[in-house]
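Novice: For reference, the structure I am asking about is given below.
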Amino acid sequence: YEPAAGEAASLYEMGLPVVEIGDRWHVEVAQKVPLNADRDNVPPSYLQQVRVLVANAMASRLSHEEITEPWVGLALEDPRIAPAAVREIVRGRFGDRHVTADPSDPEANKLATAQGYVVIPPRTFNGRQWENIRRAGASLPAGQVTPSPKPYEEGGAPQNVVPAEKWTPAMQETVALFARLATRLLGQAIAVKVVSAPRWPFSATFGRERELTLNVGRLGRKWFEQPGHKHQLALLLHELAHYYERDHLSEHYAQAICRLGADLAWLCGDPRVVTNPDRP
């Protein structure tokens with residue numbers, strides 16, 4: 001029942017107020033209420049059971065502010081709370097677009113934020129509350145909703161590698177250029193291979209193993225016909241930065257691209273243009 005103005009929400013026994021509980025509503029249990037030894041309150045376990053029953057029945061009617069009240073948190077950590085109530089509580093607090101912070105995929109958390117999701121931090125709930133949230137499927141990890149790009153996975157299909165003898169002259173020139181530039185930029189030699197995988201959603205990959213994969217199935221053969229063109233150099237910088245950082249949205253990755261781009265400018269152009277444009 002809705003408390004009148006100035007009333008504190010109370011627990012009722014067949015129409016008679018027993019004790020103030022300070023929650024959202026008056027609660028009429030319609031039966032005899034157990035009391036403590038001093039007969040001035042109900043046992044905590046009984047009040048907890050009442051709060052869970054109220055949350056199960058009324059979660060959808062809680063406002064955004066009311067959902068953060070202590071009694072709701074106590075109900076949320078109880079194993080007797082209904083999954084539907086858990087979902088209503090989480091939705092009412094964070095809206096329809098929310099994910100759980102995923103420590104196994106930091107980039108997924110950033111992608112979720114960029115796509116308008118609320119990323120729920122780990123410390124928002126205690127362990128028992130998180131257990132009920134996971135059991136109810138009330139909030140999924142960011143890695144399941146906005147996963148970071150993962151070109152390779154265990155047990156995946158083998159790649160269709162294009163043998164070097166089948167490369168076009170433009171492919172050969174591009175691969176040689178990339179190998180030379182990467183060696184200068186990273187200070188270490190790299191391997192370059194060409195694959196044909198039109199359904200693989202990656203144009204290229206690179207990482208700590210120092211193997212650059214170019215997917216002609218996505219890039220197309222014409223992409224190779226202008227070795228050293230800016231579209232090729234842009235892709236090379238993007239991939240080489242992954243030698244230092246996998247996460248596209250991290251500051252470390254951004255710094256790596258900036259550093260590699262500056263180094264490439266010095267390699268490919270006259271350094272006097274950088275130091276003094278007016279010098280003859």
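Novice: To the nearest 0.05, what FRET efficiency results for E2 and Q144 with a Förster distance of 51 Å applied to their C-beta separation? The partial results should precede the final answer.
Specialist: Values: r = 40 Å, r/R0 = 0.78.
It comes out at approximately 0.80.
Novice: Please turn the phi angles of region 94-101 into ³J(HN,Hα) values with the Karplus equation 6.51 cos²θ - 1.76 cosθ + 1.60 (θ = phi - 60°), one per residue in order, whole Hz, x for glycine and proline.
Specialist: 10, x, 7, 10, 8, 9, 8, 3
Novice: So if we plug the beta-carbon distance of H252 and Q31 into 1/(1 + (r/R0)^6) with R0 = 51 Å, what FRET efficiency do we get, rounded to 0.05? It would help to have the intermediate numbers written out before the result.
Specialist: On the way: r = 62 Å, r/R0 = 1.22.
Given R0 = 51 Å and the Cβ-Cβ separation, E is 0.25.
Novice: I need to check one value: relative contact order of the chain, counting alpha carbon pairs closer than 8 Å and at least 6 residues apart, in percent. Intermediate results must be reported in sequence, preceding the final value.
Specialist: On the way: 371 pairs, mean separation 28.4, N = 280.
Over the chain, the number comes to 10 percent.
Novice: Hey, another quick one. Under a crude label model (7 Å from the Cα following the beta-carbon direction), how far is A176 from S196 in nanometres?
Specialist: Result for the modelled spin labels: 2.3 nm.
Novice: While we're looking at this one, here's another question. Give K150/K230; K166/K230; K110/K230; K166/K222; K150/K193 a once-over and call out the pairs whose C-alpha atoms are over 22 Å from each other. Intermediate values should be presented prior to the final figure.
Specialist: Working: K150/K230 26 Å; K166/K230 25 Å; K110/K230 28 Å; K166/K222 15 Å; K150/K193 18 Å.
The pairs that break the limit, which is 22 Å between Cα atoms, are K150/K230; K166/K230; K110/K230.
Novice: How large is ³J(HN,Hα) for each residue in region 72-87, as worked out from phi by the Karplus curve 6.51 cos²θ - 1.76 cosθ + 1.60 (θ = phi - 60°), to whole Hz, x for Gly and Pro?
Specialist: Karplus-based 3J(HN,Hα) across region 72-87 equals 5, x, 5, 5, 5, 8, 8, x, 7, 5, 6, x, 4, 5, 4, 5 Hz.
Novice: A further question follows. By per-residue mean of other Cβ atoms within 10 Å, what is the highest-first order of 186-199, 205-218?
Specialist: Working: 186-199: 14.4, 205-218: 18.2.
Descending packing order for the listed peptides: 205-218, 186-199.
Novice: Based on DSSP, what percent of beta bridges with both residues in the chain are antiparallel, to the nearest 5? Spell out each step's value before the answer.
Specialist: Numbers: 7 of 18 bridges.
Of the beta bridges lying entirely in the chain, close to 40 percent run antiparallel.
Novice: On to the next question. Just how large is the dipole of region 43-145 about the Cα centre, in debye to the nearest 20, putting +1 at every Lys and Arg Cβ and -1 at every Asp and Glu Cβ? Kindly include the intermediate steps, with their values, before the conclusion.
Specialist: Values: 12 positive and 11 negative charges, 33 e Å.
That gives region 43-145 a dipole magnitude of about 160 debye.
Novice: Once the convex hull of the alpha carbons of region 31-129 is built, what does its volume come to per residue, in cubic angstrom? Working shown, then result.
Specialist: On the way: hull volume 11.6 nm³, N = 99.
Each residue corresponds to 117 Å³ of Cα convex hull volume.
Novice: Quick query: amide H of T100 versus all other amide H atoms, modeled in the peptide plane; which residues come in under 5 Å with a sequence gap of 5 or more or a different chain?
Specialist: Counting only residues 5 or more places away or on other chains, the set is I120, L140, A142.
Novice: Fewest first, what order do S250, S148 take by the number of other Cβ atoms within 10 Å? Write down the numbers at each step before the final one.
Specialist: On the way: S250 15, S148 18.
Ordered from fewest to most neighbouring Cβ atoms within 10 Å, S250, S148 come out as S250, S148.
Novice: Quick one: what are the phi-derived ³J(HN,Hα) couplings along region 47-62, Karplus 6.51/-1.76/1.60 with θ = phi - 60°, whole Hz, x for glycine and proline?
Specialist: With coefficients 6.51, -1.76 and 1.60, one gets 4, 4, 4, 4, 5, 5, 4, 5, 4, 4, 8, 10, 4, 5, 9, 7 Hz.
Novice: I've got another one for you. Amide H of S148: which non-local residues (sequence gap of 5 or more, or other chain) have their own amide H closer than 5 Å, using H built in the peptide plane?
Specialist: A108
Novice: Can you put H252, H238 in order of Cβ neighbours within 10 angstrom, beginning with the fewest? Show your work: numbers first, answer last.
Specialist: Numbers: H252 11, H238 16.
Starting with the residue having the fewest Cβ neighbours, the order is H252, H238.
Taken together, the values in this text are just the output of simple stated rules run on the coordinates, not laboratory data. On a predicted model such as this, the values are computed, not experimentally measured, just so you know. Because the Cβ atoms are built from the backbone with ideal geometry, glycine has one as well, and the counts that use them run over all protein chains shown.
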